[in-house]
1. Which one is modelled with the lowest pLDDT among residues in region A:84-111 that are in a loop (DSSP other than H, G, I, E, B) and within 10 Å of another protein chain (Cβ to nearest Cβ)?
2. Taking into account only those residues within region B:133-151 that are part of a helix (DSSP H, G or I) and touching a residue at least 60 places away in the same chain (Cβ under 8 Å), which is nearest to residue B:72 (Cα to Cα)?
3. Among the residues of region B:69-116, count how many are away from chain A (no Cβ under 14 Å) and part of a helix (DSSP H, G or I).
4. If I ask for residues that are closer than 20 Å to residue A:107 by Cα and free of Cβ contacts under 8 Å to residues at least 24 places away in the same chain, which ones from region A:1-56 would you list?
5. Determine, yes or no, whether residue A:114 is more than 13 Å from chain B (Cβ to nearest Cβ), over 12 Å from the mean Cα position of the chain (by Cα), loosely packed, with under 15 Cβ neighbours inside 10 Å and more than 16 Å from residue B:224 (Cα to Cα).
6. Which of the numbered conditions does residue A:11 fail, given that it passes all the others? Conditions: (1) touching a strand residue (DSSP E or B) at 6+ places or on another chain (Cβ under 8 Å); (2) within 14 Å of chain B (Cβ to nearest Cβ); (3) buried (at least 19 other Cβ atoms within 10 Å of the Cβ).
7. Could you tell me whether residue A:81 is at pLDDT 95 or above and within 14 Å of chain B (Cβ to nearest Cβ)?
8. State whether one or more residues within region B:122-132 are under 29 Å from residue B:156 (Cβ atoms) and either without any contact (Cβ under 8 Å) to a residue 60 or more places away in the chain or touching a strand residue (DSSP E or B) at 6+ places or on another chain (Cβ under 9 Å) (or both).
């Protein structure tokens, strides 16, 4: 079973999307959620420690989601952190690039809560296994 | 007085022209040259107007897009606020009903003394009396969600007008290109980038996914 007290970071430049993702996570039982408004702020928060999961947008100012993912994978303290990309970027080369950069899942917007739950569970299963 | 003297002077010279020795051929050349100059000036004026229109349309378009962004954000917040407010009401009703049901279940399984039963009846009646007000509160939050959709009408109109503006700019810019260069065919070059935002028109594009299933299939083919 997944530990519902897992600390999750939601990274998105749109406040409404952060709120929607946070609400969906709450619906799934995850209440320990923090937010960042771009990749740079996301990395900063992640480096202060304590996070076990990241849900990130791609297209953001300052540092985009893919660059943030690459830097997470390069950081010895963060490199095994699971990252789920939730993004409107829907070109095949985007998905390939995210997979190559080490994303653990890829959800295209607009998405349903069922999709988000399914992808989260899939990642948790792999983490446990 | 001086304004009147100008046409007089022109009339004099115009009347004098046919009398000049250069003759009719020269006159035709001069008229042709004037006509060409006039056409060029008119075209230049037309272009000036087109460029002016385009320059004026762009800040207007920016304002309209900002308006759409603001309206949609406001609507999203209204909906999220309403659901945030309605959630605890529903949770409260569920919790109280479940609690009373359990107490009734226990009482039927093993009837206890009159005092406890009286309290249970009293609590149940107070809950029943309270339900319509709670339901009404939830109903008003649902109504707020419905009302928040009013942005669609407004942004829809703005977007339709934006499309007209974009169309006009495209036409005018194309005219500028056609007037100033020998361009026989329009050529669209897709910017190849990983930051494209939502696919507004994915039909017929082979490099784009249109559903989560396609994302999953692609990832599976990559060994994920």
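The values are calculated or read from the model by the stated rules, or taken from the named source; none is laboratory data. Quick caveat, the model's predicted, so the values are computed rather than measured. Here the Cβ is made from the backbone with ideal geometry for all residues, glycine too, and neighbour counts use every protein chain on show.
1. The extreme case among them is A:110.
2. It comes out as B:151.
3. 22
4. If the condition is that a residue be closer than 20 Å to residue A:107 by Cα and free of Cβ contacts under 8 Å to residues at least 24 places away in the same chain, then A:15, A:16, A:18, A:19, A:20, A:22, A:23, A:26 are the ones that fit.
5. Spelling it out, it is not the case that residue A:114 is more than 13 Å from chain B (Cβ to nearest Cβ), over 12 Å from the mean Cα position of the chain (by Cα), loosely packed, with under 15 Cβ neighbours inside 10 Å and more than 16 Å from residue B:224 (Cα to Cα).
6. Of everything listed in (1) touching a strand residue (DSSP E or B) at 6+ places or on another chain (Cβ under 8 Å); (2) within 14 Å of chain B (Cβ to nearest Cβ); (3) buried (at least 19 other Cβ atoms within 10 Å of the Cβ), residue A:11 misses just condition (2).
7. no
8. Checking region B:122-132: not a single residue is under 29 Å from residue B:156 (Cβ atoms) and either without any contact (Cβ under 8 Å) to a residue 60 or more places away in the chain or touching a strand residue (DSSP E or B) at 6+ places or on another chain (Cβ under 9 Å) (or both).
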